[in-house]
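Report on one structure; see the data block that follows.
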Amino acid sequence: MALSKVTDVLADLPVVVKALGGTVLAGAVLVTGWRLIKGRQTKSKIYPPNTIVLHQIGRGPNVPSLTPFAIKLETYFRMEGIPYEVEHSWSRTAKKTGKVPFIEYNGEEIPDSEFILEFLSKEKNLDLTKGLTQEQIGIGRAFQKMVEEDLYWCLVADRWVLDETNGSYKAFKLSGFVTFLAKRSLRKQLWNRGILRYTPEQIRHIMTEDLKALSHYLGPKKFLFGDKACKFDCAIFGLLAEMKWASFGGIASSVINEYPSLCAYCDQMKETFWSDWDELTQTDCKR
Ligand SMILES: N[C@@H](CCC(=O)N[C@@H](CS)C(=O)NCC(=O)O)C(=O)O
């Protein structure tokens, strides 16, 4: 069919059909564009066999990651001298969970920081709780869960929703409109989770009580169970580091600063395992 014929046929189509066709076409262009962007961002390098490739978002300002679970993993790898590579992407998440961090290992994708450690303990024959008593393992697990399942959500609410300066969004250089949409969606998610049914004062109170419990247990010790850091310290440090150094305009840093022993603990972990901390932080979180 000649081009002029095609345009004639199109011109004769009813308005509704034309509008529908236009919408479908625009949708297809958007989806294709998004796939192209994603595809470009997710092109993986080829790594030698048995390389642990840690996928996470870009390095953050003041902290090497804005996800505490990535700091937890990197700290553990450093503590145990396990070599790893890091891949940064602001859009790539684990296929199974839609979350970060995740690792790729010999072509396999493993999500979730805790399951990653369990996977690696089998793969690399690591004892995740070596040298700890049964009692310490119980206490460590309880504190880790308090931090990752309770304190974490307070931080998310504080940093991503309650902080009126939108500092975390600005760190990602997101526009006002995208920030508005992201905040709205997150607000809904956090309401469903339960944390946003508390007032900001109550969220502060929960943070304070969790940190108080932790500081009471830590006492004058260097790490959770004495002079040697363990896996549980890595998880706790991941979250406390975010509170201390990456709360933007939120209240988290002022809450943790009320606990000098926890601040000293953060400094201790940082000095022990992250001599390159400052070099790794960057203002453009998208990279
Ligand atoms: N239990 C997971 C938690 C991971 C997680 O919640 N990651 C956040 C970033 S800190 C995420 O990907 N959120 C995106 C979402 O929930 O859609 C782990 O230990 O890795």
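Read-outs throughout are calculated quantities, based only on the coordinates presented, and are distinct from any laboratory measurement. Since the structure is predicted, the reported quantities are computational estimates derived from the model, not experimental observations. Positions of Cβ are generated from backbone atoms using ideal geometry, with glycine treated the same way; all protein chains shown enter the neighbour counts.
At a Cα cut-off below 15 Å, give the aspartates and glutamates reachable from K221, other chains included and same-chain residues fewer than 8 away excluded.
Straight-distance partners of K221: D233, D267.
Pick out, in residue order, every one of the trypsin sites (Lys or Arg not before Pro) in region 90-156 that is DSSP loop and has at most 16 other C-beta atoms within 10 Å; say none if there are none.
Counting only loop positions with at most 16 other Cβ atoms within 10 Å, the trypsin sites (Lys or Arg not before Pro) in region 90-156 are K95, K96, K99, K124, K130.
Taking the Cα-to-Cβ direction at E164 and at F180 and moving 7 Å from each Cα, how far apart do the two end points lie in nm?
The two pseudo-label positions are separated by 1.8 nm.
How would you rank F172, F180, going from fewest to most other Cβ atoms within 10 Å of each one's own Cβ?
Ordered by Cβ neighbours within 10 Å, fewest first: F180, F172.
Taking the beta-carbon count within 10 Å as an exposure proxy, list D150, D267 from fewest neighbours to most.
Listed from fewest to most nearby Cβ atoms, that is D267, D150.
Which one, W191, G176, L211, is farthest towards the positive end of the dipole of region 168-211 when Lys and Arg carry +1 and Asp and Glu -1 on their Cβ?
G176
Over region 128-208, what is the relative contact order in percent, taking alpha-carbon pairs closer than 8 angstrom and at least six residues apart?
32
Just rank W90, W160, W245, fewest to most, by other beta-carbon atoms within 10 angstrom.
In order of increasing Cβ crowding within 10 Å: W90, W245, W160.
Classify region 50-164 from the C-alpha gyration tensor, please: rounded if a/c falls under 1.5, else prolate or oblate depending on whether a/b exceeds b/c.
In terms of gyration-tensor shape, oblate.
Going by the alpha-carbon gyration tensor, a ≥ b ≥ c the square roots of its eigenvalues, is region 201-246 rounded (a/c under 1.5) or, if a/c is not under 1.5, prolate (a/b greater than b/c) versus oblate?
oblate
Just list whichever of K95/K173; K99/K145; K72/K188; K72/K124; K72/K222 have alpha carbons separated by over 20 Å in the model shown.
Violating the 20 Å Cα-Cα cut-off are K95/K173; K72/K188.
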